[in-house]
Amino acid sequence: MRKVLMSGAAFLTSSVTLTGEEIESLAPDESLKDMEKQLSLLERYLNELPDKLLGLGVRTVLALILFAIGSRLIAMIRHFIRRAMERSSASEEAAQFLDSSIKFVSYTILVFMILQLFGVEAASIATVIGSVGVTIGLAIQGSLSNCIGGILIMMLKPFHVGDYIIEGGGNEGIVQQISVFYTKLATYDNQIILIPNGNLANSSLTNVTDEAERRVDLKVGISYDSDIRSARKAVQEIAKKNPYVLPEREIAVNVDELADSSVVLVVKFWAKKENYWQARYTMLEDIKYGFDEAGIRIPYPQMDVHLDSGT
């Protein structure tokens, strides 16, 4: 009897004893918990998505409205300042430079305001700018040089809007605009050249039209058989009749070179800066006609060939 009871107890004991694998199989699945957690987060995100999209849409609309209003205000401010400078008889280049500076600063402030509307704090912007200040400085050192060059141009005024300049690099044209970073030139064939202000401030340049009058130098060749005095008198009479030549200034005609095939005369006279090219072109044409009438020959290049009959 005792043996039967003992075997029954052993049976009960063995029936409630579980192995480790059986316990793990009965425990909740961790991957299932993770999946339930992700589903919960996704469900919460989907529930909040309409509100977020609505908030983003509202901020986007407000940003567009702010940009439109800000752009309009900036345009009004620029127009007001330009009118004020026109009334104060300020130079055109100073007005252009100030206008471009106000435009740059105003739009920078407007962009910061729009970023704040999207939740970017000014302190964060300042921190980011401060942390990358050295990098930005190295990246825009050329632009800073151009800006300083523009300020120097405004202060020293080596040229003005409307002047014809020749830059040290060979670029030349009429100054159309002086902005913060670049100066715009227009060539005679209507091409636009943008020159960095730093280059203009740090290199040599020629201002062709800074003075009211310019001297025109022409070289004309006559044959050795022609009379120099007659040629000089003919050129001076031609120059006095030309409407673009200033009669009160000296009209000089001198021998410049005794060349191989001709006697080269240099003709020097003066004209208004705006009439420089007309005076040059018309004088060359008039000299040709005048020499033809006076019998003064303009020779072609020639070579004398001597043959030795003894060979």
Output for the range 172-188, where each listed residue is part of a loop (DSSP other than H, G, I, E, B) and at pLDDT below 90: SER179, VAL180, PHE181, TYR188
Some residue of the range 245-263 being modelled with pLDDT under 95, small (Gly, Ala, Ser), buried (at least 16 other Cβ atoms within 10 Å of the Cβ) and in a loop (DSSP other than H, G, I, E, B): yes
Restricting the range 202-224 to residues that are among the hydroxyl-bearing types (Ser, Thr, Tyr) and surrounded by fewer than 16 Cβ atoms within 10 Å (Cβ to Cβ), the residue that is nearest to GLY295 (Cα to Cα): SER223
Looking only at the range 53-108, and only at residues there that are among the polar types (S, T, N, Q) and either surrounded by fewer than 11 Cβ atoms within 10 Å (Cβ to Cβ) or in the same structural domain as PHE159 (by TED's automatic domain parsing) (or both), the one that is modelled with the lowest pLDDT: SER89
Those residues of the range 286-298 which are within 12 Å of VAL220 (Cβ to Cβ) and either of a type in the set (S, T, N, Q) or free of Cβ contacts under 8 Å to residues at least 24 places away in the same chain (or both), in sequence order: LYS288
Residue list for the range 225-243, filter: exposed (fewer than 13 other Cβ atoms within 10 Å of the Cβ) and assigned to a loop (DSSP other than H, G, I, E, B): ASP225, PRO243
Residue pairs meeting the criteria (Cβ under 9 Å; at least 6 apart or on separate chains; first assigned to a loop (DSSP other than H, G, I, E, B), in the range 206-218; second of a type in the set (A, V, I, L, M) and surrounded by 16 or more Cβ atoms within 10 Å (Cβ to Cβ)): VAL208/ILE165; THR209/ILE165; THR209/ILE174; ASP210/ILE165
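The values are calculated or read from the model by the stated rules, or taken from the named source; none is laboratory data. Keep in mind that what you see is a predicted model, and the values were worked out from it rather than measured. Quick reminder, even Gly has a Cβ in these numbers, built from the backbone with ideal geometry, and neighbours come from all protein chains shown.
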